[in-house]
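**Student:** So that we are looking at the same thing, I have put the structure below in structure tokens.
The numbers here are math on the coordinates, done by the rules we state, and not lab data. Note that the structure is a prediction, hence the values are computed from the model and not measured. Cβ coordinates were reconstructed from backbone atoms using ideal geometry, including for glycine residues, and neighbour counts include every protein chain displayed.
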Amino acid sequence: MIVIATNNGYSYLPKLIKSLEKTNIFNIPISIVDTGSTDKSFLDYLDHLPSKYQIFKIKEGYDTGAYIYAYENIKSDYYIFLHDSIEILTDQFFKICLDQVTKESLFAYYSFENRQDFKEELSLYFENSILDSYKFGVFGPMFACSKKIMKQIYDRLFV
């Protein structure tokens with residue numbers, strides 16, 4: 001299950017939707033969790049998306065709140081959580097996500113539009129030899145995990 005967190009994302013979400021149409025070769029179901037948008041044109045956009053996009057509207061909780069809502073209300077064996085500012089650039093992205101979640105691992109991915117900017121940011125934490133092996137397929141925050149891993153995260157937050 002792909003879960004997209006959004007809030008007044010009219011300048012971002014259409015670009016993500018277009019990239020999903022091109023790269024979602026596995027036809028992974030897609031849910032969009034809107035966290036209290038107030039922009040009428042954006043709300044109209046959401047209302048006119050094709051029925052293959054499951055839309056949820058909650059009052060608040062952008063990003064983390066949307067992901068927690070999805071875990072509590074959308075049953076799936078795995079979750080690929082995307083922020084609305086992401087653009088998927090290659091269909092290999094979903095292959096990598098699915099490979100990782102089937103190994104019961106948590107896969108987190110964040111890069112900048114410019115690879116060099118991201119490398120400079122990560123150089124604060126990692127040696128260059130490690131950074132040279134990174135491949136960049138999206139920009140923006142995301143993570144993917146199995147239902148089992150999401151339950152462990154959820155239980156640590158709320159139990």
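**Student:** Any chance you could tell me what percent of the C-alpha pair distances in the stretch 1-78 go past 21 Å?
**Tutor:** Tail of P(r) above 21 Å: 23 percent of Cα pairs.
**Student:** Please work out how much length the chain gains when fully extended from residue 15 to residue 48, using 0.36 nm per residue of separation minus the C-alpha to C-alpha distance, in nm with one decimal.
**Tutor:** Full-extension gain reported as 10.3 nm.
**Student:** Work out, step by step, the length gained on full extension between residue 103 and residue 22: first 0.36 nm times the residue separation, then minus their alpha carbon distance; give nm to one decimal.
**Tutor:** 26.6 nm
**Student:** Give the residue from 88, 67, 102 lying farthest towards the positive end of the charge dipole for the stretch 61-103; charges sit on Cβ (+1 for Lys and Arg, -1 for Asp and Glu) and the dipole is referred to the Cα centre.
**Tutor:** Most positive-ward Cα: 102.
**Student:** Could you check the spin-label model distance between residue 96 and residue 72? Points 7 Å from the Cα along Cα→Cβ, value in nm.
**Tutor:** 3.2 nm
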